[in-house]
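The values are calculated or read from the model by the stated rules, or taken from the named source; none is laboratory data. Treat the numbers as computed from the prediction; the structure is a model and nothing was measured. We place every Cβ from the backbone using ideal geometry, glycine too, and count neighbours over all the protein chains shown.
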Amino acid sequence: MAEVNYICKRTVVSTKPVQPGKSHPLSVLDRLVEPSRHVMVVYYYRTDRSRERLGEVTQKLREGLAEVLTYFPPVTGRLVRTESRGSGEGGWSVKCNDAGVRMVEARAKGSVEDWLRNVDWEKEKRLIHWEEMYHKPYFWSTFYVQLTEFEGGGYAIGLSCSHLLSDPICATVLIKAWADVTLRGKMTSPPLFHQLPAHRPGSRTPNKDPFINLCSQRPTSTNQSATSSASVHGKHKTISLSFSDQMVRSCVASAQAHAGGPSPSPFEALAGLIWAVVSKIKGRRDGLVGLTMGLDIRKLLGLDDGFFGNCMVYSQIQPNSEENCLLAAAMAIREEKAKFEKEKVMDLIEWLEDNDGSKPTQQTLACSDLLCLNLESIDPRWAIFEDGSSPIQTSLYIEPTCDRGQFLVLPSPSEDGPLSRTVMIKLPRDEADKLLEDDLILQFAPTLMRNSKCL
C-alpha cells in the first residue's frame, strides 16, 4: 500500500466573522436525508515539483479555503435541533457560528501519476477524511477537507460532507468556488442559501398525495450499524466506465424505438444500458429489477446553479415491459423523466412541508432498489486552482449504499466530445465482474478506467 503521512489536522475558519445569531434552516428535501449519509469526492491535479516546493500548494489552498468560507456560513456552522411541534425531536438546522471546517494535511510517496496507475479503495480512502457524527452533534464538523501533496509532483483534494447539508452537486460547487477564489481572488458563481420556492396561492389540497415516491437513500435495516456497514463495503466493488462520444451515440441509436422516432438522451440510453445488464446479472430473465432514479431539479424549479442544499428528487420506476433489454429500460426511464414537471414537483414539496417533512411510507420500499443518479450537471473540469491545470481525474461516492448497488452518470473528464460520459457503478463484487464480461457492455466497448475500486 502506498504510504501516506498525515502531517496535521487543523480547523479552518472564514476570514470574516459570521453575523451573530445567524442560522440556516434545512429544507424538506434536506431533512429527507439521513444524517449518517455522506458525500465524498476526490480531485487529482498535476504540479511541476521543480517550480513549487513541497508544502507551498497546501499553504496556498488553505489560505484560499479560508477566503471562500466567508461566502459559505452553513459550511462552517454546526447542526442543532429545532423545537419540535409535537412530542418527538425537532428537525435539524445549522447554527452559523463559524466553528470552521476540519482540514487534514498529508503527503504521499511518488507522483500523482504513480498513484493513479494502481489506485483502489483502500488507497483512495486515505485521501478522504471523515468522522462519524458525535453523540453531541453540536461539536461535530459537517465538512472535512484533506489536502495531500505527492512528493514526486501533484496533489489530491478530498472533500467529505454530510448529505444532510449538501448533495453531490453542492460539493462540487464548493470546490469550484474555492478554486476561483484561489486562482482569481473572486468567485464566478456565488452560492445561494435560500429556501425552496414558496407555496403557490390556492395550491394546498388536504390529503393530496405526491406523484413521486421519494427515496431518502436510507440504508436497509441490515446496514444500520458500523459492523454491518463494514461488511457491505467488503463485498462490493466499484468500477468506472468511460464512454466516448461515439460510444454514447451508438448506445443512443440502439435505444431508439424506431428509425426517425424520438432519440433518448445520453443519460436515458446509458442508464437504460446499465439497468438492463444489471437486471440480467441479478437473474431477471423477464422484466427489470426495481430502479430508483435521482434527478437534479434546480433548473426545473428555476433555481440558480449556485443553489446550495439538497435539490434532488427520487422516483421509483415501475416498468411495464416484461423485457430486460436496453430499449425497454431506456423507454421506461424516458417516460418517468417526462413526469418531472414543475407543478407536480411543487405538489410534492408542499405535501412534505404540510406533513412536517414526514417521509412517504413507500420510501423504505424504494431503498431496496438499484439506485441511479443523473449527475450530468457536474463538471469538475472548471475547478482550476492553477492556470492551465484542470483535474486529471475525479472520484465521487455517496455512502453508505444499499445492497442492490448504485450507479452514477457523470460527464467524462476527457475532451472526447460533448456526449462522452463516465458511469461509476457499485455492485456486489461477483456482479461487477459479470457486468464487465456482458456481451451488451462489450458491444459498446467502454474504457475501464484505471481507478476502478473494490469497496
TODO: Within the range 288-324, work out how many residues are touching a helix residue (DSSP H, G or I) at 6+ places or on another chain (Cβ under 6 Å), under 15 Å from A269 (Cα atoms) and either in contact (Cβ under 8 Å) with a residue 60 or more places away in the chain or surrounded by fewer than 20 Cβ atoms within 10 Å (Cβ to Cβ) (or both).
DONE: 1
TODO: Look through the range 90-112, keep the residues that are at negative phi and touching a Gly at 6+ places or on another chain (Cβ under 7 Å), and return whichever of them is modelled with the lowest pLDDT.
DONE: G91
- [ ] Just need a number here: residues in the range 265-282 that are over 18 Å from L295 (Cβ atoms) and either not assigned by TED's automatic domain parsing to the domain that holds D430 or not in a helix (DSSP H, G or I) (or both).
- [x] 1
TODO: Hey, can you tell me all the residues within the range 373-389 that are over 12 Å from the mean Cα position of the chain (by Cα) and either free of Cβ contacts under 8 Å to residues at least 24 places away in the same chain or more than 24 Å from T188 (Cβ to Cβ) (or both)?
DONE: G388
Task: the range 226-282 - residue that is of a type in the set (D, E, K, R), over 30 Å from H38 (Cβ atoms) and out of contact with any Gly (no Cβ under 7 Å at 6 or more places or on another chain) and, of those, modelled with the lowest pLDDT - done: K280
Task: Positions within the range 299-316 being over 15 Å from the mean Cα position of the chain (by Cα) and in a loop (DSSP other than H, G, I, E, B), in sequence order - done: K299, L300, L301, G302, L303, D304, D305, G306
